[in-house]
Each structure stands twice: as structure tokens, then as C-alpha cells.
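Worksheet: the structure to be examined is printed underneath.
Read the figures in this text as sums done on the coordinates, not as results from a lab. Small disclaimer: the values here were computed from a predicted structure and weren't measured. Heads up, the Cβs are rebuilt from the backbone with ideal geometry, glycines too, and the neighbour counts pull from every protein chain shown.
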Amino acid sequence: MKLPTYFISHGGGPWPWMKAEMGARYARLEAALADMPRQIGRRPAAVLMVSAHWEAPAFTVQSAAQPGMLYDYHGFPPHTYQVHYRSPGAPALAQRVQALLRAAGLPAAADPARGYDHGMFSPMQAIYPQADVPVAQLSLRQGLDPAEHLALGRALAPLRGEDVLVVGSGLSYHNLRAFGPQAAVPSRAFDDWLAQALLHSPPAARTQALLDWAQAPAARIAHPREEHLIPLMVAVGAAEHEPATRVYHEDAFAGGLSVSSYRFG
């Protein structure tokens, strides 16, 4: 049985290690992420995580047997630069990913030195807190072309039948200069459009809507730069003809944001 794919909102920085400061804000997101294993129904052989925090000239996959940590955030307490999410890497999966991409005519590379960034380790701390599932991260490609990342998802689709969980990790709203109450109206407008496109459109129309996402209401307020939205294209491309389910939503996150996560298949 094929595994579903996910597009998750991964939250800010090292939030799972800041319960005192951020626990209340992230309670609903944490609960949604923690529920993913129940939804999946079994432990996958590996997770392929496409993080908004890694862009490369070619689609590049981690290939280390035990990736290190990349603390790609600033201004957090000292202890958050010592956290470790110690899941094993997935070198065999990295080879498989490269083969699938090359067969699809997409540029592929491997990086044995790249560490886990917070787009991976923060949500994975909630999803698999025992860090007992192998994980490989896969980069976005520079240029952030929606069509190319939908094609990436299509190329990765066979992994779903090989017990690999494909997760796009970003945020459905990502404008750090417009957060809190001032973002309530634009974030809701974009979130409503996204729900309509993903939940209520037939597959071809859904794909076209994602290709034209920049025309959506408040699109460039929600995503002045689209790196946190593009992982969605990968998740959809890998389950292009299957239904979507919204698995997380709140409309008052961080004082007023509408944010969501989705499962496909």
C-alpha cells in the first residue's frame, strides 16, 4: 500500500526545544505533527524531507550515513545551538532518489556533508521524537520554478510504494515582515484560496492553480519569496491524482495568522 505525501508547516526555528517560551503557541501544530504516524498507520522505512531551507543548483540529496546538524537560525537561546536530532541518514535512498531524477531528466546531485536544517529537525522532533526513522533531506532547485518542482514530485512518486514517506516542509504563510494581527486578513485570503485549490479542485485544475499560485489573493504578501511554498509542489506532484486532506489549520497562529498543512493520498 502506497504511503501518502505531506506538506507541513514546520514552524519557526528550534521551537520544540523552547517549550517554556513557545509551547502554547505551537501546541496545535505539535499535536498535528505528532498525529502523522497514526494517520500513516505504520513506520516507514525512511523519510525523504524536502526542506524550504535548502536550495541548490541541482536537486541535491543528503548522502551521509549520519548527517550532522545545521543551526540555520539566529538569536535563539544558547542551548538551541546544542540540540541534536540523531536519526540515521539514508544513503541507499539517496542513490535511489538520484536514479529516479536522472531517469526523469532532472538534474541530480548528492551532498555527503550537508547537515539537517530546522525545516527537518524541528517537525521531525514532533513526528518521530525517538529519531528512529532514517531521514534524507532533498533540496529545492534554485529558481524555485513551480513546474520543475511538480515534476520533481512526479519523479519521486515511485518511492511511495517503496515505504518512503515524502514530506514537503515549509509554511503556508511566510512573511516575516508581516506577522501577527497585521497579517490576519492577507493570510486568511491566501489560506482560503489554498484550501479551495487543494481540497475542492479536480487534479488538472489543482495543478494549474499551483502553477499560477502568484495570481492568488494576497499571494505575494503571504510569500514575498516562495521558498516556503515550493515544497508543496513536490508533495502534490508525487500524489497528483489523489485527494487532499487538511490535517492542520488554525487562524490565530502567532497572534493572527491563518496556517495549514495537508496530506495527499
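Descriptive notes on the structure:
- Modelled this way, with points 7 Å down the Cα-to-C-beta line, the labels at residue 184 and residue 214 are 3.1 nm from one another.
- Phi-based couplings in Hz for region 133-146 (Karplus 6.51, -1.76, 1.60; Gly and Pro marked x): 10, x, 9, 10, 8, 10, 6, 6, 9, 3, x, 6, 6, x
- About the Cα centre, charge dipole magnitude for region 184-228 (Lys/Arg +1, Asp/Glu -1 at Cβ), debye: 40
- In order along region 233-239, phi translates into HN-Hα couplings of 4, 5, 4, 5, x, 7, 9 Hz, rounded to whole numbers, per the Karplus curve 6.51 cos²θ - 1.76 cosθ + 1.60 with θ = phi - 60° and x for Gly and Pro.
- Sum of -39500 (n - 2.57) over DSSP H runs of 4+, divided by residues of the chain (222 nm, nearest 500): -9500 deg cm²/dmol
- Segment residue 199-residue 250, extension gain: residue separation times 0.36 nm, minus the distance between their alpha carbons: 16.7 nm
- Under-5 Å amide H pairs with residue 247, H placed in peptide plane, nonlocal only: 261, 262, 263
- With at most 13 other Cβ atoms within 10 Å, longest stretch of the chain clear of loop trypsin sites (Lys or Arg not before Pro) (DSSP): 87-176
- Theoretical gain in end-to-end length, residue 19 to residue 55 [0.36 nm per residue, Cα-Cα removed]: 10.0 nm
- Overall, region 58-162 carries a charge dipole of about 200 debye about its Cα centre when +1 sits on the Cβ of Lys and Arg and -1 on the Cβ of Asp and Glu, all other atoms neutral.
- Using θ = phi - 60° and Karplus 6.51 cos²θ - 1.76 cosθ + 1.60, couplings along region 92-101 (whole Hz; Gly, Pro as x): 5, 5, 4, 5, 5, 4, 4, 5, 5, 5
- Taking a Cβ cut-off of under 12 Å around residue 122, the surrounding Lys, Arg, Asp and Glu residues balance to a net charge of -3, with basic ones at +1 and acidic ones at -1.
- In the chain, the DSSP beta bridges split such that about 35 percent are antiparallel, to the nearest 5.
- Anisotropy class of region 143-265 from Cα gyration tensor, a/c 1.5 cut: prolate
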